[in-house]
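Some notes on the structure that comes next.
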Amino acid sequence: MAQKRKNKQKNFHDERRQIIIQRHIRDLGLKSIEEYKTWCSENHFSSSLNKSSIQRQKEIDFAKSAIATQLLNAEKKCRNLQDIIPKIYSNKVRESELRNGIAKEIALAFKRTKNPKLLLKILLFLDKNSDLLDDDSYINGIEAIAKHYKCWVRPLEHWHVKRHNQARQFSELLRHLFAHYSVPSFMDNVWFSDNEIHQKWYIHIGSGQNIRTAPELPTPLTKKMAHHFLETPKQYNVDEALRWGQVHALGGDKRLLDAFRGTRLIEDFEHDEFWLNVFRFFIANPMLDVSHVNPIIDYIWNQKYQIQQVVVERGVVEEHDPPQPNFSMKGRTPDTLLKQVNDWHIALGKVQRGGKLQWMPSDIGEFQIKIKDNQKKQSTIFKIRELLSTDELIYDGSQMRHCVRTYADSCYNGRTSIWTMESMDELGKELKKVLTIEVSLKERSINQVRGKKNRLPTESEMSILRRWTVKENLSIANYVSVAQN
């Protein structure tokens, strides 16, 4: 009866997701799932049909923006930038007389540039030969291109549009002007900022030089770090890419890097020799819930580097040295460090002491399978079940010798679900723990799989997990690793 009820509930959820995705496809102005998947691929969205409401809203917003761009293109035919741009350049039209947003941005660019004649030439060429002036978001990038004209490796006039997508046009323009060698896509965004140092890094890499020798690099990189830096996905900025290179070279993954985003360490590279030891601590403890990364970093920074403001009497404040200027990661464990962080938060009035927690099971079903060993002529039963309390997490962590207990708050708040894979003989005896599994409930994705002492899963264990993911419509994050034989 319980299994029948679960199947009925699963069918209900499947039907509901199907209705939602069909409605979403209609809202985008598309006619079929195949057309939707093609649209997602062309516009760099996931082609998965199992998406959250936030992901669907992003696609709706993007589609609306595309429609607005089309309307702007139609307006461009009426306004004739080929006539307006020279008038802006020669001050024959005042900024207050400009009604169009693109024309206003061009006027501001002429005010800022030190080489208005060159900017005029570039704008007229791009207006005639590309779609880049159909959107005011590219004006700053074009202005930055003009600023570095001495580094051009090819004439502007030799560039020909190959793509209709504006982002790809701009990407190809950059590589035409600045690159003899491959430059990673995430570096394109440096041209939309005022950071000339990052723009020089683009030119540096495009000339075939190593990022390790780039000017004013805020932290030294090993060869391995530099290699991973170049492989950073395009959704990250340059500072995040530096951290991506460090984290991956030290043995970390995307999951940990994403936990660092939003912390002070993304843009602050001071004392980096010490912070790399903090990275190593997180990497050595992969079952530490990444929701603790930010609080731990805040605590360490406060103890080691932050000057303390101490009120000694009414209206009088003294500056004291940091509480622990010699703070070190040597010998620290997740449990002791988290206790120190929690005590610090209590002292600041941020948290209250809490007891042990319990939570309701997720809608993901348990799994059991019998695997026959022909050589030993016996079978082993593997079972995957959900952990539903602080006590269960503590017991699992003690048996597996890792810090899965730190996930209690995330499980209680419905962000994460922790599962254990156990094995037993055919008679249900000799129960042994095999793996601990972290599942993101929002994404329905397995984000972490570890065995005893944080070992990686074997291929045979992952094969069992994959059967479970098919049954429960789960995915496995691409950074989840398998032990090498």
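The values are calculated or read from the model by the stated rules, or taken from the named source; none is laboratory data. Source: prediction; values computed, not measured. With ideal geometry, Cβ positions are generated from the backbone for all residues, glycine too; neighbour counts draw on all protein chains shown.
Mind checking which strands (runs of 3 or more DSSP E) fall wholly inside the range 415-485 and carry at least 3 residues that are among the hydrophobic types (A, V, I, L, M, F, W, C) and at pLDDT 90 or above? Write out each step before concluding.
Working: elements: 416-425, 432-440, 445-450.
The qualifying strands (runs of 3 or more DSSP E) are 416-425, 432-440.
Within the set of pairs 6+ apart or on separate chains, which have a first residue in the range 387-405 that is closer than 12 Å to ASN454 by Cα, a second that is of a type in the set (Asp, Glu) and part of a helix (DSSP H, G or I), and C-beta atoms under 6 Å apart?
VAL404/ASP396
Give me the pairs, please: first residue somewhere in the range 84-112 and closer than 22 Å to ASP131 by Cβ, second residue anywhere and of a type in the set (Gly, Ala, Ser), beta-carbon distance under 9 Å, and either six or more positions apart or on two chains.
Pairs found: ILE84/ALA103; ILE85/ALA103; ILE88/ALA103; ILE88/ALA107; LEU98/ALA107; GLU105/SER137; ALA109/ALA146.
Cβ contacts < 6 Å: first residue within 13 Å of ASP396 (Cβ to Cβ), restricted to the range 436-450; second residue among the basic types (Lys, Arg), any location; separation 6+ or different chain. Result?
THR436/ARG450
Any residue in the range 236-249 that's among the acidic types (Asp, Glu): show its pairings with residues that are outside any loop (DSSP other than H, G, I, E, B) at Cβ separation under 9 Å, as long as the two are six or more apart or on different chains.
Between residues of the range 236-249 that are among the acidic types (Asp, Glu) and residues that are outside any loop (DSSP other than H, G, I, E, B), the close pairs are ASP239/HIS198; ASP239/ILE266; GLU240/PHE186; GLU240/LEU257; GLU240/PHE260; GLU240/ILE266.
Of the numbered conditions (1) touching a helix residue (DSSP H, G or I) at 6+ places or on another chain (Cβ under 6 Å); (2) exposed (fewer than 14 other Cβ atoms within 10 Å of the Cβ); (3) within 24 Å of TYR305 (Cβ to Cβ); (4) not β-branched (Val, Ile, Thr), LYS224 fails exactly one; give the number of that condition.
(3)
Hey, among PHE260, PHE279, which residue is at pLDDT 95 or above and within 18 Å of the chain's Cα centre (by Cα)?
PHE279
Per-residue answers, yes or no, for (1) assigned by TED's automatic domain parsing to the domain that holds GLN169; (2) modelled with pLDDT of 90 or more; (3) not in a loop (DSSP other than H, G, I, E, B):
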{"site": "LYS92", "(1), (2), (3)": "yes, no, no"}
{"site": "SER96", "(1), (2), (3)": "yes, no, yes"}
{"site": "ARG99", "(1), (2), (3)": "yes, no, no"}
{"site": "ILE106", "(1), (2), (3)": "yes, yes, yes"}
{"site": "PHE110", "(1), (2), (3)": "yes, yes, yes"}
{"site": "LEU118", "(1), (2), (3)": "yes, yes, yes"}
{"site": "LYS121", "(1), (2), (3)": "yes, yes, yes"}
{"site": "PHE125", "(1), (2), (3)": "yes, yes, yes"}
{"site": "LYS128", "(1), (2), (3)": "yes, yes, yes"}
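Looking only at residues that are in contact with a helix residue (DSSP H, G or I) (Cβ under 7 Å, 6 or more places away or on another chain) and in a loop (DSSP other than H, G, I, E, B) in the range 379-407, which one is modelled with the highest pLDDT?
We begin by selecting, within the range 379-407, every residue in contact with a helix residue (DSSP H, G or I) (Cβ under 7 Å, 6 or more places away or on another chain); these are 382, 384, 387, 390, 393-394, 396-397, 400-407.
The next check asks that each one be in a loop (DSSP other than H, G, I, E, B); those that pass are 387, 401-403.
Numbers: LEU387: 94, ARG401: 86, HIS402: 87, CYS403: 86.
Checked the range 379-407; the qualifying residue modelled with the highest pLDDT is LEU387.
Which residues, counting only those in the range 170-191, are within 16 Å of ASP135 (Cα to Cα) and at pLDDT 95 or above? Write out each step before concluding.
So in the range 170-191, the residues within 16 Å of ASP135 (Cα to Cα) come out as 170-171, 173, 189, 191.
PHE170, SER171, LEU173, TRP191, listed by residue number.
Quickly run through the range 127-145 and pick out the residues that are surrounded by fewer than 19 Cβ atoms within 10 Å (Cβ to Cβ), within 18 Å of PRO86 (Cβ to Cβ) and without any contact (Cβ under 8 Å) to a residue 40 or more places away in the chain.
Of everything in the range 127-145, just one residue is surrounded by fewer than 19 Cβ atoms within 10 Å (Cβ to Cβ), within 18 Å of PRO86 (Cβ to Cβ) and without any contact (Cβ under 8 Å) to a residue 40 or more places away in the chain, namely ASN129.
Given the structure, is VAL317 surrounded by fewer than 17 Cβ atoms within 10 Å (Cβ to Cβ), among the aliphatic types (A, V, I, L, M), at pLDDT below 90 and assigned to a loop (DSSP other than H, G, I, E, B)?
No: the conditions fail for VAL317.
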